[in-house]
1. So, in the stretch 202-254, of the ones that are surrounded by fewer than 19 Cβ atoms within 10 Å (Cβ to Cβ) and assigned to a loop (DSSP other than H, G, I, E, B), which residue ends up modelled with the lowest pLDDT?
2. Can you name the helices (runs of 4 or more DSSP H) wholly within the stretch 1-111 that have at least 1 residues being more than 27 Å from residue 213 (Cβ to Cβ) and at pLDDT 90 or above?
3. Take the stretch 122-171 and flag every residue that is at pLDDT below 75 and assigned to a loop (DSSP other than H, G, I, E, B).
4. Given (1) modelled with pLDDT under 65; (2) under 19 Å from residue 99 (Cα atoms); (3) not in a loop (DSSP other than H, G, I, E, B), identify the lone condition not met by residue 273.
5. Just need a number here: residues in the stretch 65-89 that are touching a residue at least 12 places away in the same chain (Cβ under 8 Å) and under 13 Å from residue 202 (Cα atoms).
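The values are calculated or read from the model by the stated rules, or taken from the named source; none is laboratory data. Please read all numbers here as calculations on a predicted model, not as lab measurements. Cβ placement follows ideal geometry from the backbone for every residue including glycine, while neighbour counts extend to all protein chains displayed.
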């Protein structure tokens, strides 16, 4: 096993990285809005047709049920607008402060997943259910004049509302849940970590912001990114180890350092160094 890096990177570098990455993420979401909304609504029809064929089209039922309880609908609107950012940022800070030995690979996993999600936003623009009034969906934010992520015209124009596939609300929630369940020590915290992703999925469906299939896509994307990041940081694949060893050996020869104990520096006996 490779030696685990027990300290987190400098906080200034991580803050700069977060700011730059999130700014690029937000700007890219806006820039990648295609001309016209026709494809987004065509894709919405495709998603609904696929869900109906699979028997997964529960969004309308959840939406109608939520609207029968106005106070719960208002709470769901606020949850959708705030918890996605508050919980994720809180978990990142907690991870950095109290579990630094796990910070690097977990931070990398969520950034990789979010970066890949941008391709989905670009290649497959998708109108959320709340835009499909002809299907019977109702936006609880406008129906109840409630606080919400798109409660004002300004907030609606500052983001790409057709960036629904994959759902990063579902993906980020899963990431937070995995981190808390895996690394928290208190049972109540682990319970909250397990409940949070499920609650998020119910909220994004019942508020007509996402479909079952784009929630599944977001969850699958983050799951894959978690596995890949863990594999690269904790159990580096042998082909990469061999290639790394060869490069290190050649560099050592060029610099005249030679080998240590008959084994090339950076040989496959060592794991990937995760100092990023």
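1. Looking at residues that are surrounded by fewer than 19 Cβ atoms within 10 Å (Cβ to Cβ) and assigned to a loop (DSSP other than H, G, I, E, B), I get 237.
2. Working: elements: 11-31, 38-54, 59-67, 70-98.
Helices (runs of 4 or more DSSP H) meeting the threshold: 70-98.
3. Matches in the stretch 122-171: 148, 149, 150, 151, 152, 158, 159, 160.
4. If we test residue 273 against (1) modelled with pLDDT under 65; (2) under 19 Å from residue 99 (Cα atoms); (3) not in a loop (DSSP other than H, G, I, E, B), just (3) comes out false.
5. Let us first name the residues in the stretch 65-89 that are touching a residue at least 12 places away in the same chain (Cβ under 8 Å), namely 65-67, 70, 73-74, 76-81, 83-84, 87-88.
Within this subset, residues satisfying the condition of being under 13 Å from residue 202 (Cα atoms) are 65-66, 73, 76-77, 79-80.
The number of residues fulfilling the criteria is 7.
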